[in-house]
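I have placed the structure first, in the form of structure tokens, so that the comments after it can refer back to it.
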Amino acid sequence: MSYLEYAVKTTPTGIRKVLYMNWPLTLLLISVASAGFLMLYSVAGGSWSPWAEPQMERFGLGLTVMFIVALVPIWFWRNMSVVAYLVSLGLLLFVELFGTIGMGAQRWIDLGFMRLQPSELAKVTLVMLLAAYYDWLPSYKTSRPLWVLIPVVLILIPTFMVLRQPDLGTAILLLAAGGGLMFLAGVHWAYFAAVIAAGVGLVSTVFKSRGTDWQLLKDYQFRRIDTFLDPSTDPLGAGYHITQSKIALGSGGWNGRGFMQGTQSRLNFLPEKHTDFIFTTLAEEFGFVGGTTLLLLYGLILIFCLVTALSTKDRYSSLVTLGISLNFFLFFAVNMSMVMGLAPVVGVPLPMVSYGGSAMLVLMAAFGIVQSAHIHRPR
Amino acid sequence: MKRTPKTQGAAYKRLTRRALVLGGMQFAFVGGLAARMRYMQVDQADQYRLLAEENRINIRLIPPTRGRIYDRNGQIIGQNAPSYRIVIVREDAGDVDKVIAKLSQLIPLNEDEIERAKAEMKRTAPFLPVTLADQVTWEDISKVAINAPALPGVTPEVGLTRQYPRYEDFAHVVGYVGPVSDYDLSKMEDPEPVLMIPRFQIGKVGLEAKKEDLLRGKAGAKRVEVNATGRVMRELDRREGQPGADLQLTIDADLQEYAQARLAGESAAVVVIDCETGDLRAISSTPSFDPNLFVRGISVADYQALTQDNHRPLANKTVQGTYPPGSTFKMITALAALEAGVVGPGNTVYCPGYLKVGSRRFHCWKRGGHGMVDLETSLKRSCDVYYYDVALRVGIDKISDMARKFGLGIKHDLPMSAVAAGLAPNQEWKQTTHGQDWLVGDTANASIGQGFMLASPMQLAVMTARIATGRSVTPRLIRSVDGVEQPTGAGEPLDVNPANLEQVRNAMYKVSNDRRGTAYRSRIIADEFRMAGKTGTSQVRNITKAERAAGVIRNEDLPWERRDHALYVSFAPYDNPKYAVAVVVEHGGGGSKAAAPVARDVMLQALYNGTPPLEAYPVADRDRIKEQQKRLEGDRRPKARPDEKDRA
């Protein structure tokens, strides 16, 4: 039994819960999503279809989900953590066996009205599970080798399943989010130093494996890294995206070219202008001012999550909130680095802005948990 | 468990500390992103602006010209013809519906096409051209050009499209191309940018699909100057791509055409293979379809007509269809018995019309029996009991091995769609797939090519070529790629006693040339081209006891779907085999009646490299053959297609 249950009486009940929500966070989410609608309207050539309208519908659904999740007490979600984790592993296994083949990888389950990507779900459930684990584990055991090994295994299981799909981007995000949570829980820093050293070793091994029989990455993944390092080698093929993206972004200047005036995102062949590369359009049309405004909104979301995490005395609430905000951070950080030419193209969407249902729904549900932690925090 | 406030406090403090550290790192990264954005958008903005202007000098892909397909004599089978299409630019058109309505008064427009175009317009940017009508005649293009002022945003464009000038004849071999679909893209790991060009054609079925990598070529690029809306103002320079490789097939288009015409009306397949090189000279399956329909986008009505035809025009019966080989399999059983030393040339078996295996009677097709039968007679008169008897002595595994040696039950590597492996069953196969023991009755059935045994017409032709030459002839479809000769399929000598092969060949000669042979009526009498062969009739239904008692119903009295398949395999000339021919006529009735005459006609056509003289035929047939030649000659004249005339 944790401290939380003792403090139940101090938490709001009934409709009053809504008043105690983290309202600034809600408003920030709505404004970021609205920026997304605008951009989707713009890349469709000034039309609500085919992207902006379904995206708005899904965001409406996402908001509803967030409210429902928020009103359920946080201890329920803590108790559900293990189940949620197991369910997402089951779904990962399901796509491994029966998934629809799309874009060369088996990644989603067709639910009819949307496609569910279990790897998206796994990012959140992994955080939930680890938070519950560290809530349960007495803190003096945190850094003992056995108790460090267990969460590592819990992280690696979904990571390997996602890697097999193959979805390198999500696998890296899972690793980073899981590692981040272990760091927050207070695992000794020497472990992290050791892992980073080993990681450097692994990366060099991966590159040495190229062209040999035991090649660790697929050819197209190597090619993506090549074109990242030097986009000019293949200006018509894979490097095309990065080059075009950088030109569009850079030509935005201070104020941008104005809404619906971005020439680059219209003239080029970018096939993913409404998903992974949507930030390019935003930065071209609204310039440095628009780009940093979005960045600021993202930063504020992180801050309000931090506020929630630090204002609760419940360990699970803190950890899960920080884990979710870390996930959110990784999402936009990787995506923006990618379009700015700082990271290879790994296929990570811009959260709340890119077109796509399952990522946004999962994210909104996750923010629902943050809200629940905020409402039901012992005070 | 209960925690002391002290440890809890310490853990809480550490969590706060770590959260702040991680938060700080996140904000440092966000700051880094902002700095990068500043660097790109403020410090280097001018440079990128310049690049963006240069981007207006746009790089556009030039679709490569698809490789052409020829027959062995250089006759064109698949080519690229100029095609005119009418495109509309949404931005310039203003009221799209009104413009389309005006256009439809001028030239015929397809409703489906218009729906598709409207859907496409919703997806793409307003300045991108969307095709309204494809493969438009020159006349209609002129009409549009003259009325251009009244049709804002509508322009004619010229491009290349695939065309198959031999229509039905090569539909099954070459297949067809079609525009890249989302489904095609979803199957590829890393699609080439050229595939993103709207309506770029790729191979969908058959050789076009299997040899896509050779035929497609490499895209070129051109630098064009575009204005602010993306319209091309002028071309600056271009780097030509690499056109796809030209493929030359081993097929003789004239022979293929003849075979196709000869089989017209039947649901049948004929394969002509060159015994020396394994070249497939003709590989035709009837009925067929016009592949050009698929290139244009086939209408629902046309497609339904094809799928609902019980003669299955879409199926390539030569490689995809598998049939019980029936009596044409007897050579394999005979060879297995000879090689195993179970029978010698003089050994005989008594045929009373049936053989009792256990409690079951296996009947010979001839109810009265053949009497004393040796190997030669057994093939010549196609006695079933002889094979039941020797097969039971040899055992299925040796027969199955022999079948595989002669190319049955294995998948031949041919660049066509859905090449079937057929089936040469053995004990292990039945155990693994059916979970049942192999029974002696199964062996009896297999010995005459019934039961589980399945082979495609192409495999039967390969089998015959191997018997004729004693070498492991392998089929070859592509003679050369861009003029580079491909390795032939002559093959190594088979590990079979030549004397045994000679015996079987001799018996096959008798089938066709002995007065009592089952295919005597379809012999060739030109001495230099004597033919050897074997008839086959494979059952598609079981003959019930009651039926047998009442007298087996004649094929002609049965509905078409329940009649027997007719088969014939042959090679000629007997002393120096040049071609092997396999014919399967689905539900054709008896092999000697329905299949052998076709094989002979096609064989003669191949041997004489054109219409054979009547002297090659038996005297009694000549009048009828003369009629037939005249009729087919008429059929094969270039047919003027009504839809082709108005489609320039």
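Assorted remarks:
- Taking the criterion of being crowded, with 17+ Cβ neighbours inside 10 Å and either among the hydroxyl-bearing types (Ser, Thr, Tyr) or in a loop (DSSP other than H, G, I, E, B) (or both), the residues of segment B:491-519 that qualify are B:Gly491, B:Leu494, B:Val496, B:Tyr509, B:Ser512, B:Asp514, B:Gly517, B:Thr518, B:Ala519.
- Residue in segment A:237-249 that is at pLDDT 75 or above, within 9 Å of chain B (Cβ to nearest Cβ), under 18 Å from A:Glu285 (Cβ atoms) and surrounded by fewer than 17 Cβ atoms within 10 Å (Cβ to Cβ) present: no
- Filter result (at the interface with another protein chain (Cβ under 7 Å from one of its Cβ atoms) and in a loop (DSSP other than H, G, I, E, B)) within segment A:319-353: A:Met340, A:Leu342
- Residue within segment B:437-454 that is over 23 Å from B:Leu207 (Cβ atoms) and of a type in the set (D, E, K, R) present: yes
- Looking only at segment A:116-148, and only at residues there that are among the aromatic types (Phe, Trp, Tyr) and within 11 Å of chain B (Cβ to nearest Cβ), the one that is nearest to the chain's Cα centre (by Cα): A:Tyr134
- Restricting segment B:524-553 to residues that are part of a loop (DSSP other than H, G, I, E, B) and within 34 Å of the chain's Cα centre (by Cα) leaves a set whose member that is modelled with the lowest pLDDT is B:Ile543.
Residue-wise test of (1) in contact with a strand residue (DSSP E or B) (Cβ under 7 Å, 6 or more places away or on another chain); (2) assigned to a helix (DSSP H, G or I); (3) on the phi < 0 side of the Ramachandran plot.
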{"residue": "B:Asp437", "(1), (2), (3)": "no, no, yes"}
{"residue": "B:Gln450", "(1), (2), (3)": "yes, no, yes"}
{"residue": "B:Gln459", "(1), (2), (3)": "no, yes, yes"}
{"residue": "B:Arg466", "(1), (2), (3)": "no, yes, yes"}
{"residue": "B:Pro487", "(1), (2), (3)": "no, no, yes"}
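- Residue match in segment B:43-65 (condition: surrounded by 15 or more Cβ atoms within 10 Å (Cβ to Cβ), more than 12 Å from chain A (Cβ to nearest Cβ) and in contact with a helix residue (DSSP H, G or I) (Cβ under 8 Å, 6 or more places away or on another chain)): yes
- Candidates A:Tyr298, A:Tyr316 - the one that is on the phi < 0 side of the Ramachandran plot, within 10 Å of another protein chain (Cβ to nearest Cβ), touching a helix residue (DSSP H, G or I) at 6+ places or on another chain (Cβ under 9 Å) and not in a loop (DSSP other than H, G, I, E, B): A:Tyr298
- Residue in segment A:250-262 that is at pLDDT 85 or above and hydroxyl-bearing (Ser, Thr, Tyr) present: no
- The criterion of at least 3 residues that are more than 34 Å from the chain's Cα centre (by Cα) is met by the following helices (runs of 4 or more DSSP H) wholly inside segment B:112-216: B:138-146.
- Some residue of segment A:95-104 being within 22 Å of A:Val320 (Cβ to Cβ), at pLDDT below 90, more than 13 Å from chain B (Cβ to nearest Cβ) and not in a loop (DSSP other than H, G, I, E, B): no
The values are calculated or read from the model by the stated rules, or taken from the named source; none is laboratory data. Keep in mind it's a predicted model, so treat the numbers as computed, not measured. Quick reminder, even Gly has a Cβ in these numbers, built from the backbone with ideal geometry, and neighbours come from all protein chains shown.
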